[in-house]
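Take a look at the structure below.
The values are calculated or read from the model by the stated rules, or taken from the named source; none is laboratory data. No experiment lies behind these values; they were computed from the predicted model shown. FYI the Cβ positions are ideal-geometry reconstructions off the backbone, even for glycines, and counts take in every protein chain you see. Remember, those area values only see protein heavy atoms, side chains included, never the ligands or the DNA or RNA. Shrake-Rupley method; radii C 1.70, N 1.55, O 1.52, S 1.80 Å.
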Amino acid sequence: MAAPLPDQQLDAPAGGRFVGREHRLAMRVYFEDTDLSGLAYHANYLRWMERGRSDMLRLAGIEQRAAHDAGEGAYAVTDLHIRYRAPARLDDAVVVASRLMVVRAASCVIHQRVIRAETILAEAEVTAAFVAPNGRPRRQPLAWINAFRPLIWADESDLGV
């Protein structure tokens, strides 16, 4: 039997994990996520992907809250293309898989999929720009760019879609 975890670890929210360069966040489809037919409402896929991106960044060492609180800026989604392929249903176990595709001086492009078992339910390409408190684009911190380098997918054929 494994040693018990300290209470802080037991109460910590799940943040997903990296499998190679891909971040994976497991979730469940709850009643609140569905419409009258028991299918996940389309806007919830965006919420799930936001959680996946946020946890991916956090695990990569990107401290968005600290940058915002210091007056440096924050990420803002500037472009989003999403394709719905199959519905998620009440009680489904799904995974949000996030892959960093491109890193530029002031933005990054992340490919995301919501998957149930081997079935892709939705996939999106999201561009997030780093913006100053005044809303104008600015260079993201160099430490962030350096943290991203080992996570970038070199070949889009790796996507398997």
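Please give me, ordered by residue number, the trypsin sites (Lys or Arg not before Pro) of the stretch 37-109 that lie in loop per DSSP and have at most 15 other Cβ atoms within 10 Å.
Values: sites: Arg47, Arg51, Arg53, Arg58, Arg65, Arg83, Arg85, Arg89, Arg99, Arg104; in loops: Arg85, Arg104.
Of the trypsin sites (Lys or Arg not before Pro), the ones in loops of the stretch 37-109 whose Cβ has at most 15 other Cβ atoms within 10 Å are Arg85, Arg104.
For Cα extents along the principal axes in Å, the candidate list reads (1) 44, 39, 32; (2) 37, 34, 33; (3) 43, 43, 32; the entry that matches the value derived from this model is (3).
Model label sites at Asn146 and Ala132, defined 7 Å from Cα along the beta-carbon direction, differ in position by 2.4 nm.
Run the numbers for Val109 and Ala26: contour at 0.36 nm per residue of separation, minus the present Cα-Cα distance, in nm.
On the way: separation 83, 0.36 × 83 = 29.88 nm, distance 2.14 nm.
Using 0.36 nm per residue and subtracting the Cα-Cα distance, I get 27.7 nm.
Averaged per residue, the stretch 54-161 has 53 square angstrom of accessible surface, using a 1.4 angstrom probe with ligands and nucleic acids left out.
Which percent of the accessible area of the stretch 40-109 is formed by carbon and sulfur heavy atoms (probe 1.4 angstrom)? The partial results should precede the final answer.
Values: 1820 of 3600 Å².
Solvent-exposed carbon and sulfur of the stretch 40-109 make up 50 percent of the total.
Net charge within 12 Å of Arg89 by Cβ-Cβ distance, Lys/Arg positive one each and Asp/Glu negative one each, not counting Arg89 itself? Taking every Cβ under 12 Å from that of Arg89, the sum is -2. Rounded to the nearest 10 degrees, the angle from helix 42-59 to the longest Cα principal axis of the chain is 50 degrees. Each helix, a run of at least 4 DSSP H residues, gives -39500 (n - 2.57); summed and divided by the residues of the chain, these come to -6500 deg cm²/dmol at 222 nm. Among Tyr45, Tyr75, Tyr84, the sequence by solvent-accessible area, most first, with a 1.4 Å probe is Tyr84, Tyr75, Tyr45.
For the stretch 24-65, state which GluC sites (Glu not before Pro) are in a DSSP loop and have at most 16 other beta carbons lying within 10 Å of their beta carbon.
In loop regions of the stretch 24-65 (DSSP not H, G, I, E or B), the sparsely surrounded GluC sites (Glu not before Pro) are Glu63.
Give me the net charge for the shell around Ala128: Cβ to Cβ below 12 angstrom, other residues only, Lys and Arg +1, Asp and Glu -1. Can you show the working numbers first?
On the way: positive: Arg53, Arg104; negative: Glu50, Asp79, Glu125.
That sum, taken over residues with Cβ under 12 Å, equals -1.
Loop-located GluC sites (Glu not before Pro) in the stretch 89-153 (DSSP state not H, G, I, E or B) with no more than 16 neighbouring Cβ atoms inside 10 Å: Glu118.
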